[in-house]
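Take a look at the structure set out below.
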Amino acid sequence: MDAVKISNLENQIGYVFTDKKELYRALTHSTFSNAEKSKPVGARDCPHQEIYATLGDAILKAGFILLLMDKGVKTKGEITILKAEWEKNLQLAEVGRRLHILENKLFHHRIGNEEKVCEGAETYRSDTVEALIGAIFIDSGYSIQKTKDSITTIFGPELERLESDLKKLS
């Protein structure tokens, strides 16, 4: 993987991985992993992102709640509505687009041609954003604070809009 692109991604997410294998796993689709395992020559174990995406989804929910509480949102109803907006897959896909995950060829896959990748781009971006959050949590030694700090960086524009909306409501 291109070290400059990796460094740029780490800057964008506000976290530098101690163990780059965690980052690579977050960027690896199961199709790539399966292809590597089934090679007749040179087969290798290549963990993929799915479990990290599941973990990242849960951590993201907790992180969003903490961020909303930090912003002064006080009721369960308000938190539920605002959190649901952020969690929408299309929102996560937009964040993935902003991180240039597919465009910079950071996403390892064997999905097929470019057209096939484009068909599933929203899902691949969303899943990868969640996998990155999961990888940050693991690499940071399960630090919710470091992960929350990274979520703040990753979702910076969305947080700015939230702050603006909350000021209008006050």
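The values are calculated or read from the model by the stated rules, or taken from the named source; none is laboratory data. As the structure is a prediction and not an experimental result, all values here were calculated from the model. Quick reminder, even Gly has a Cβ in these numbers, built from the backbone with ideal geometry, and neighbours come from all protein chains shown.
Within the range 50-74, the set of residues being under 13 Å from the mean Cα position of the chain (by Cα), of a type in the set (V, I, T) and under 20 Å from G156 (Cβ atoms) comprises I59 only.
Quick check on this structure: which one of G96, G141, G134, G77 is of a type in the set (G, A, S), more than 19 Å from I13 (Cα to Cα) and either modelled with pLDDT of 85 or more or outside any helix (DSSP H, G or I) (or both)? Walk me through it before giving the result.
Values: G96 fails: more than 19 Å from I13 (Cα to Cα); G141 fails: more than 19 Å from I13 (Cα to Cα); G134 fails: more than 19 Å from I13 (Cα to Cα).
Being of a type in the set (G, A, S), more than 19 Å from I13 (Cα to Cα) and either modelled with pLDDT of 85 or more or outside any helix (DSSP H, G or I) (or both) holds for just one of G96, G141, G134, G77, which is G77.
Conditions tested, residue by residue: (1) in contact with a helix residue (DSSP H, G or I) (Cβ under 6 Å, 6 or more places away or on another chain); (2) loosely packed, with under 14 Cβ neighbours inside 10 Å; (3) in a helix (DSSP H, G or I).
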| site | (1), (2), (3) |
| --- | --- |
| Y24 | no, no, yes |
| P40 | no, yes, no |
| H48 | yes, no, no |
| L55 | yes, no, yes |
| A62 | no, no, yes |
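If I filter the range 141-170 down to residues being hydrophobic (A, V, I, L, M, F, W, C) and under 18 Å from G96 (Cα atoms), which single residue comes out as surrounded by the fewest Cβ atoms within 10 Å (Cβ to Cβ)? Walk me through it before giving the result.
Looking only at the range 141-170, we keep the residues that are hydrophobic (A, V, I, L, M, F, W, C), and these are 144, 151, 154-155, 159, 162, 166, 169.
Still in the list and also under 18 Å from G96 (Cα atoms): 151, 154-155, 159.
Working: I151: 26, I154: 25, F155: 22, L159: 19.
Looking at the filtered set, the residue picked out is L159.
Within the range 142-170, residues that are more than 19 Å from A131 (Cβ to Cβ) have Cβ atoms under 8 Å from residues that are modelled with pLDDT under 90 and not in a helix (DSSP H, G or I) in these pairs: L159/K71; L162/K71; E163/K71; L166/K71; L166/G72; L166/V73, counting only partners at least 6 apart in sequence or on another chain.
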